[in-house]
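Worksheet: the structure to be examined is printed underneath.
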Amino acid sequence: MDDAVPEAPPAAEEEPAYDPAAPAPLNVPRTPTGDADVDAALGRLGDADHLATDGHVEVYEDVHRGLRDALTALDARPGPPVPARHPTPTPQRDPSGRPL
C-alpha cells in the first residue's frame, strides 16, 4: 500500500468578477461608406471597445469632430462652373441704363 498523499490538482484560474464598467466590444458592424474621411471617423469608434466607459466620451467627441469636418468639407468644394453669358444683339443694361 502506498502511503503517499496524492498531489492536489492545479487550482483552476478564477474567472474575473463581472464588472459592468469593464471594457467590452459592442461588435457593431461598420459598413464602409465610400468616403475615406467618414470611414476613418467611423473606424475610430472601434477604439471605444477597449476602453472603460469613462474613456468613451473622448472617442465619441473625436468621431463627432471628424464627421462634422467631413460635412463642412462638402460645403467647401467648388460647385460646377457658372455658364458663360450668351452674346445678345442688344447690349445688356443695368436698371440705371448703363451697359453691363
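The values are calculated or read from the model by the stated rules, or taken from the named source; none is laboratory data. All of these numbers come straight from a predicted model, not from anything done at the bench. When we count neighbours, we look across all protein chains shown, and the Cβ atoms used for this are built from the backbone with ideal geometry, even at glycine.
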Item to check | Cβ pairs under 7 Å, 6+ apart, first in segment 28-55 and within 16 Å of residue 67 (Cα to Cα) and without any contact (Cβ under 8 Å) to a residue 12 or more places away in the chain, second charged (D, E, K, R) and part of a helix (DSSP H, G or I) | outcome: 32/39; 33/39
Next on the checklist: Looking at residue 59 and the list (1) β-branched (Val, Ile, Thr); (2) at pLDDT below 85; (3) touching an Asp or Glu at 6+ places or on another chain (Cβ under 9 Å), which single condition is not satisfied?
Outcome noted: (2)
Item to check | Number of the exception - residue 40 against (1) assigned to a helix (DSSP H, G or I); (2) surrounded by fewer than 11 Cβ atoms within 10 Å (Cβ to Cβ); (3) among the hydrophobic types (A, V, I, L, M, F, W, C) | outcome: (2)
Next on the checklist: If I ask for residues that are surrounded by fewer than 14 Cβ atoms within 10 Å (Cβ to Cβ) and closer than 26 Å to residue 74 by Cβ, which ones from segment 47-59 would you list?
Outcome noted: 58
